[in-house]
Amino acid sequence: MQRVDITPEAAELVRKIRERYGELIFHQSGGCCDGSCPMIFPKDDMYLDDSDVLLGTIEGVNFYMNKDQFDYWKHTHLTVDITPGRGSSFSLEIPYGYRFIIHSRLLTDEELASV
C-alpha cells in the first residue's frame, strides 16, 4: 500500500513538466504560504535530509514530506490533484496555470497495518 497517489489530470501535467525539466521531485514541507501544498522541482534543485520522509512514487516522481508534516498526516492517504490558478511558490506547475493540491482520507485499519 502506498500513502500517496495522483489523479489522471495531475499525472498528465507531471508528464508535461518532466518533458521540459527532466527528473523531478515532489516535496511538501508544511511551511508557510504554499509550503503546505505539494510542490514539484527539478530533482537536483531540492536538498533532502533526515527531516524528509519518502511517502511513495507517483508518475515516476518520488514524493517527500517534511517529518513534522508527516507526523500530522501519517494516518491519511494523500491524492495529488491540480486546480486552476497560481500558487505563491516556485513550483514548476505555476506557468501552466495550475497548482498542485492534496485530497486526503483516513487510512483504514488494514491500510495502517500494511504501511
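Scanning segment 62-90 for residues that are touching an Asp or Glu at 6+ places or on another chain (Cβ under 7 Å) and among the small types (Gly, Ala, Ser), we see that the one that is surrounded by the most Cβ atoms within 10 Å (Cβ to Cβ) is SER89. The residues of segment 29-47 that are at pLDDT 90 or above, in contact with a strand residue (DSSP E or B) (Cβ under 7 Å, 6 or more places away or on another chain) and not β-branched (Val, Ile, Thr), listed by number, are PRO38, MET39, PHE41, PRO42, LYS43.
Buried (at least 19 other Cβ atoms within 10 Å of the Cβ) and at pLDDT 95 or above: which single residue out of GLU19, GLU12, GLU23, GLU59 fits that description? Of GLU19, GLU12, GLU23, GLU59, the one residue that is buried (at least 19 other Cβ atoms within 10 Å of the Cβ) and at pLDDT 95 or above is GLU59.
The values are calculated or read from the model by the stated rules, or taken from the named source; none is laboratory data. Just so it is clear, the structure is predicted and the values come from calculations on it, not from any experiment. With ideal geometry, Cβ positions are generated from the backbone for all residues, glycine too; neighbour counts draw on all protein chains shown.
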